[in-house]
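The values are calculated or read from the model by the stated rules, or taken from the named source; none is laboratory data. Treat the numbers as computed from the prediction; the structure is a model and nothing was measured. Reconstructed Cβ throughout: ideal geometry from the backbone, glycine too, with neighbour counts over all protein chains shown.
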Amino acid sequence: MNKKSLLLLLIGCGSAAFGVQQYKSWSLTVQPYVTYIDYSNSKYKNWGYSATLYGALSLSFGNHLFEGAVGTTHLDYKDGYTNWNQSDYTFAYTNYVLFPWYGKVGFHYIATPNTHFSDDGKIYFGDIGYISRYRWDGGLFVSYSNYNEGIAATEARLHGGFYRWLDYWRGFYFSGDITGIHINGEKQLGTSKKNYISLGGSATYFTARYKVTAYLWIGQRTLMVDNGGFVVYNLKERYRGGGNLSGTYYLRKNIWVSGNIGISNYKELETGKSVNVVSATVSIGYAF
């Protein structure tokens, strides 16, 4: 699991930036993330960490949103195996000119000094959807991951959600997604399986001051592109379920802190062991 660089936070800061920008002709959001990763019952991996700096620039009262992130990931291996190091660079542009319709395109680049199929990996992604503000939303996210050794992954994710308000300031947001992933070069990954499918769902309770989200998913995932293109799982693990609990607290309208605790499970191909991965992420965001 690697790029659990867990920006896994919701690059919900993208939505935070979108919320602030509606009242200004421009807005700049900066948010650093730090993540600790622990592997349970893995023969090879011990622990890891990642650090990511995310930024979002909104222009023309939110009609144009430019997002970027630079991250580094380190995994500590047991018994003298070579440790893993990786750098990630992501850029995305979202157009809201035809709001309530939106369109997003982006690019994610992976660089690692390790000899690995994902070095120099290039991931192209896009999202198109409809937002009925404060009522419901839906869209289709697609990506294509191009790796070395003839390995590639094509992903499509249908996603949507709706609001249930308790009063003017409080309410719930429920969402769901279905993800399909098709793999080329499956033999190089040590498997004969080419197609993977998973279902996910979340519930968020929000107020003007804070929000808390619980997310669960079941099925199978590998080489997945997640969190709007900012998180890429580019190791060989075949994930079999997981979930996370995240929260954001607004210290002021333009300053917030976020945290996330997640757990997922994968089958280690070399040993057949069931490995649990636990991650914890903290971040702080500021909107100018």
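Observations on the structure shown:
- Taking the criterion of being surrounded by 21 or more Cβ atoms within 10 Å (Cβ to Cβ) and touching a Leu at 6+ places or on another chain (Cβ under 9 Å), the residues of segment 267-287 that qualify are Ser279, Thr281, Ser283, Ala287.
- Close pairs from segment 269-283: first over 26 Å from Ser258 (Cβ atoms), partner in a loop (DSSP other than H, G, I, E, B), Cβ under 6 Å, at least 6 apart: Leu269/Gly190; Leu269/Lys236; Thr271/Lys43; Lys273/Asn41; Val275/Asn41; Val275/Ser42; Val275/Glu268
- Flag for Phe230 being of a type in the set (Phe, Trp, Tyr) and over 18 Å from Phe141 (Cβ atoms): no
- Flag if Gly62 is more than 28 Å from Leu235 (Cα to Cα) and touching a residue at least 40 places away in the same chain (Cβ under 8 Å): yes
- Residues located in segment 202-221, provided they are part of a strand (DSSP E or B) and not hydroxyl-bearing (Ser, Thr, Tyr): Ala203, Phe206, Lys211, Val212, Ala214, Leu216, Trp217, Ile218, Gly219, Gln220, Arg221
- Subset of segment 147-171 [exposed (fewer than 14 other Cβ atoms within 10 Å of the Cβ) and either farther than 19 Å from Gly103 by Cα or of a type in the set (Val, Ile, Thr) (or both)]: Glu149, Gly150, Arg164, Trp165, Leu166, Asp167, Tyr168, Trp169, Arg170
- Residue match in segment 147-167 (condition: in contact with a Leu (Cβ under 8 Å, 6 or more places away or on another chain) and basic (Lys, Arg)): yes
- Residues located in segment 25-69, provided they are surrounded by fewer than 16 Cβ atoms within 10 Å (Cβ to Cβ) and of a type in the set (Lys, Arg): Lys43
- Gly80 being surrounded by fewer than 16 Cβ atoms within 10 Å (Cβ to Cβ) and free of Cβ contacts under 8 Å to residues at least 12 places away in the same chain: yes
- Yes/no for Ala111 being buried (at least 20 other Cβ atoms within 10 Å of the Cβ) and either within 21 Å of the chain's Cα centre (by Cα) or at pLDDT below 95 (or both): no
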